[in-house]
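So the structure is just underneath, and the comments pick up after that.
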Amino acid sequence: MRNSGLNDSPVGPPLWLLAELTYRCPLQCPYCSNPLDFARHGEELSTEEWIRVFREAREMGAAQLGFSGGEPLVRQDLAELIKAARDMGYYTNLITSGIGLTEQKVRDFKVAGLDHIQISFQAADEAVNNMLAGSRKAFAQKLAMARAVKAQGYPMVLNFVTHRHNIDQIAQIIDLCLALEADFVELATCQFYGWAELNRVGLLPTREQLQRAERITNEYRARLEAQGHPCKLIFVTPDYYEERPKTCMNGWANLFLDITPDGTALPCHSARQLPVEFPNVREHSIEHIWTDSFGFNRFRGDDWMKEPCRSCDEKHTDLGGCRCQAFMLTGDAANADPVCSKSPHHGVILKAREEAEAAGQGMEHLTLRNEKASQLIYRG
């Protein structure tokens, strides 16, 4: 494998494949990572097309396959896709809101070979959860399905996207996870792409909120470890309160391959917004996409870097940070991620922190996904 002339280092395989089966979803989360214009994207891949994608990626070395969306339960062929992936030797996981899940489907997915199910919550408080989800029954459904997943012997994996409207309830969130006998809990502070970027002022917590939540999480973690409790708490801080950026997805097109509902291949979830032409699995093989396509080679290695990244002694640690964030906040995806204090555009991050300090706590100004575009209701 080669790296399109950008660097001499060989390209490894796409170890982690994410299948975004659909952008359809019955919920209205104001931090949804779907494209703002998701309803305008093309026809979803068929069952046969998805299975071909799985096979080609597996032949290249892909080992883990995630089923995501939107809400992947909208797809009526989900059990068939799970079985096909399992037969190929993938470790499979379902990333779901739990809406549309039933006890029978939990059992069916187990028979098909699904390895684990991750259920997401919006809050530990039923009213806040349902308001953010845009569904009056979402919280009760999530609780019931979390228990059903546990009853079938799956690892209990829960995800809470935290933000200024629920992060102060971090203790209640952790208590709920423990009551549900969670094995792994991801407390992921909202990352600002898609709808979350649109709602950033209303979602970004203050530094004080974030520090308090992390302190409480650490206290729970220490207590659980002392007790030998199996629950693992993972706390993910937002980039906006860092002075150095995270290594985005372990590096551009390094391990991660995302296939969107219409077959567009991306090196990360949010890359579709970049002014880069990305290939489609209906037109190219996975091998060509991963190895030879311009889009996947555009930001591999470091030859693309401009100053201050080019001469930075930390460039091989953070790889310049997030290309999508650089584009959103500076207009040029080749710029240094503004999260970095060395970036000439770091001021936009400082301004965002100031706005978070000044913002009110009300949720009335959050923009939910466009009602006409997003009300693609789950059907049985």
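The values are calculated or read from the model by the stated rules, or taken from the named source; none is laboratory data. Small disclaimer: the values here were computed from a predicted structure and weren't measured. Please note: Cβ atoms are built from the backbone with ideal geometry, for glycine as well, and neighbour counts cover all protein chains shown. To get the accessible areas, we keep the full protein, side chains included, count just its heavy atoms, and leave off ligands, DNA and RNA. Shrake-Rupley method; radii C 1.70, N 1.55, O 1.52, S 1.80 Å.
Could you work out the equivalent-ellipsoid semi-axes for the stretch 15-108, taking the square root of 5 times each eigenvalue of the Cα gyration tensor, largest first, in whole Å?
Values: eigenvalues 98, 55, 29 Å².
Equivalent-ellipsoid dimensions as semi-axes: 22, 17, 12 Å.
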Just to be sure I understand: with springs between alpha-carbon atoms less than 10 Å apart, which residue in 148, 222, 85 has the highest mean-square fluctuation in the Gaussian network model of the chain? 222
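Return the Rg/Rh ratio of the stretch 84-135 with Cα-based radii and a Kirkwood Rh. Mind showing how you got there, number by number?
Working: Rg = 13.9 Å, Rh = 12.6 Å.
Expressed as Rg/Rh, it is 1.11.
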Among 202, 134, 228, whose mean-square fluctuation peaks in a Gaussian network model of the chain (Cα, cutoff 10 Å)? 228
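Carbon and sulfur: what percent of the chain's accessible surface (1.4 Å probe)? Numbers along the way, then the final one.
Details: 8210 of 16200 Å².
The nonpolar share, carbon plus sulfur, comes to 51 percent.
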Compute the FRET efficiency between residue 351 and residue 311 as 1/(1 + (r/R0)^6), taking r as their Cβ-Cβ distance and R0 = 35 Å, and round to the nearest 0.05. 0.85
Per the rule of 0.36 nm per residue minus the C-alpha distance, extending residue 147 to residue 341 adds in nm 65.4 nm
Principal axes of the stretch 251-370: Cα extent on each, largest first, Å: 49, 43, 21
Taking 0.36 nm per residue of separation between residue 183 and residue 59 and subtracting their Cα-Cα distance, the length gained on full extension comes to 41.5 nm
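For the stretch 13-379, count all C-alpha to C-alpha pairs, find those more than 34 Å apart, and express that count as a whole percent of the total.
Working: 17347 of 67161 pairs.
Tail fraction, whole percent: 26.
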So how far, in whole Å, is the C-alpha centre of the stretch 121-174 from the one of the stretch 270-301? 35 Å
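Regarding the stretch 257-326, what's the average projected area of the Cα-atom convex hull, expressed in nm²? Spell out each step's value before the answer.
Details: hull surface 19.8 nm².
Convex hull of Cα atoms, orientation-averaged projection: 4.9 nm².
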Heavy-atom accessible area per residue of the chain, all protein chains kept, 1.4 Å probe, expressed in Å², is 43 Å²
Which stretch or stretches of the stretch 223-259 have amide N atoms under 12 Å from the point lying 7 Å from residue 172's Cα along the Cα→Cβ direction? none
In nm, to one decimal, how far is the modelled label at residue 47 from the one at residue 201, with both set 7 Å along Cα→Cβ? 4.8 nm
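How high is the FRET efficiency between residue 104 and residue 255 when r is their beta carbon distance and R₀ equals 35 Å, given to the nearest 0.05?
Details: r = 35 Å, r/R0 = 1.00.
For R0 = 35 Å, the calculated efficiency reads 0.50.
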The whole-number value in µm²/s of the Stokes-Einstein translational diffusion coefficient for the stretch 96-175, with Rh from the Kirkwood sum over alpha carbon pairs at 20 °C and 1.002 mPa s, is 164 µm²/s
Simple SL model, points at 7 angstrom along Cα→Cβ for residue 125 and residue 211; separation in nm is 2.4 nm
Please give the calculated 222 nm ellipticity per residue for the chain, where each DSSP H segment of at least 4 residues contributes -39500 (n - 2.57) and the sum is spread over every residue; nearest 500 deg cm²/dmol? -10000 deg cm²/dmol
Just to be sure I understand the curve: with the Debye formula and one point per C-alpha of the stretch 165-264, what is log10 I(q)/I(0) at q = 0.15, 0.16, 0.21, 0.24 Å⁻¹? -0.79, -0.87, -1.15, -1.26
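Could you tell me what percent of the DSSP beta bridges with both partners in the stretch 13-379 are antiparallel, to the nearest 5? Mind dumping the intermediate values first?
Details: 3 of 36 bridges.
In the stretch 13-379, approximately 10 percent of DSSP beta bridges are antiparallel ones.
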Mean separation of Cα contacts under 8 Å, 6 or more apart, over the residue count of the stretch 13-379: relative contact order %: 21 percent
